[in-house]
1. Applying the selection to the stretch 172-197, what residues are in contact (Cβ under 8 Å) with a residue 60 or more places away in the chain and assigned to a helix (DSSP H, G or I)?
2. Would you confirm, using the coordinates I've provided, whether Ser144 is over 29 Å from Ile5 (Cβ atoms), surrounded by fewer than 19 Cβ atoms within 10 Å (Cβ to Cβ) and either in contact (Cβ under 8 Å) with a residue 24 or more places away in the chain or acidic (Asp, Glu) (or both)?
3. Given the conditions (1) more than 11 Å from Ile38 (Cα to Cα); (2) out of contact with any Ser or Thr (no Cβ under 9 Å at 6 or more places or on another chain); (3) among the hydroxyl-bearing types (Ser, Thr, Tyr), which single one is not true for Thr217?
4. If Val25 passes every condition in (1) closer than 30 Å to Ala143 by Cα; (2) at pLDDT 90 or above but one, which one does it miss?
5. Can you pull out the residues in the stretch 40-56 that are in a loop (DSSP other than H, G, I, E, B) and either under 12 Å from the mean Cα position of the chain (by Cα) or of a type in the set (Ser, Thr, Tyr) (or both)?
6. Just name the residue that is surrounded by the most Cβ atoms within 10 Å (Cβ to Cβ) out of those in the stretch 178-195 that are within 22 Å of Thr53 (Cβ to Cβ) and modelled with pLDDT of 90 or more.
7. Starting from residues that are small (Gly, Ala, Ser), more than 25 Å from Thr189 (Cβ to Cβ) and touching a Gly at 6+ places or on another chain (Cβ under 6 Å), keep the ones in the stretch 8-49 and report whichever is surrounded by the fewest Cβ atoms within 10 Å (Cβ to Cβ).
8. Check whether at least one residue in the stretch 87-100 is in the same structural domain as Leu158 (by TED's automatic domain parsing), of a type in the set (Gly, Ala, Ser) and more than 15 Å from Leu172 (Cα to Cα), and report yes or no.
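The values are calculated or read from the model by the stated rules, or taken from the named source; none is laboratory data. All values reported here derive from a predicted model rather than from experimental measurement. Here the Cβ positions follow ideal geometry from the backbone for every residue, glycine too, while neighbour counts run over all protein chains shown.
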Amino acid sequence: MKPPIILETHALVREFRGFVAVNGVNLKVRRGEIHALIGPNGAGKTTVFNLLTKFLTPTAGRIVYNGIDITAEQPAQIARRGIIRSFQISAVFPHLSVLENVRIGLQRKSGNSFQFWRSERSLSHLDGRAMELLQAVDLADFASMTTIELPYGRKRALELATTLAMDPELMLLDEPTQGMGHEDVDRVTALIKKVAANRTVLMVEHNMNVVSSIADTISVLQRGQVIAEGPYAKVSTDPLVMEAYMGTAEPVESALQGAH
């Protein structure tokens, strides 16, 4: 039996002065799964993310979350429902420590995000949970380090921790491994799989090695439309997907592997 649907879109459309960036997209994201959104550059992936988090308003169509129509809701309302977009809301503070960054995420969740004047002692009750989150992303040993000193891959792990501090039900990860070396990619991929154990993840990702290793379901976008959907074994041999990535309908799996 398939898990229940947590998020779905119905004929989602977004136009920009006559240009249709998203054209009738129907997504069904199932609870507890990692769902990847892939496609060539300009396919509309980021626009879909912006529509889901309400940084853009749909031209047409509906967005339904946990059975509730959220199409008309504002970004803050979406966040309160537990839809948190990583690497956008996290915005780490470079001159604070790694621990302090996670603590700010916890303050946001508790509604005290603007009370930076509070004493260190009064915020210390958040340290235990902050350290748990750092442990979850393998950053416990870096807790006292100033964030600007973190290597790039570790900084992305910290952004993941600050997102987890918001206690998301659905995490939207936008290019989580972009700009990383092989070692950092492997580490962050493992972290995503680890933190996804108790929540749902929808991710945009170019690296097909990442997608093939952790995604339960993959939706392939081209020119704002979903052209294929399913597990990696299915979409990687779909002629339409080959055409979109390589300009050929030959079902060559290696074509996808090289399309980062």
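1. Ile192, Lys193, Ala196
2. Yes: the conditions hold for Ser144.
3. Failed condition: (1).
4. (1)
5. Thr53
6. Ile192
7. Once the filter is applied, the top-ranked residue is Ala11.
8. Within the stretch 87-100, one or more residues are in the same structural domain as Leu158 (by TED's automatic domain parsing), of a type in the set (Gly, Ala, Ser) and more than 15 Å from Leu172 (Cα to Cα).
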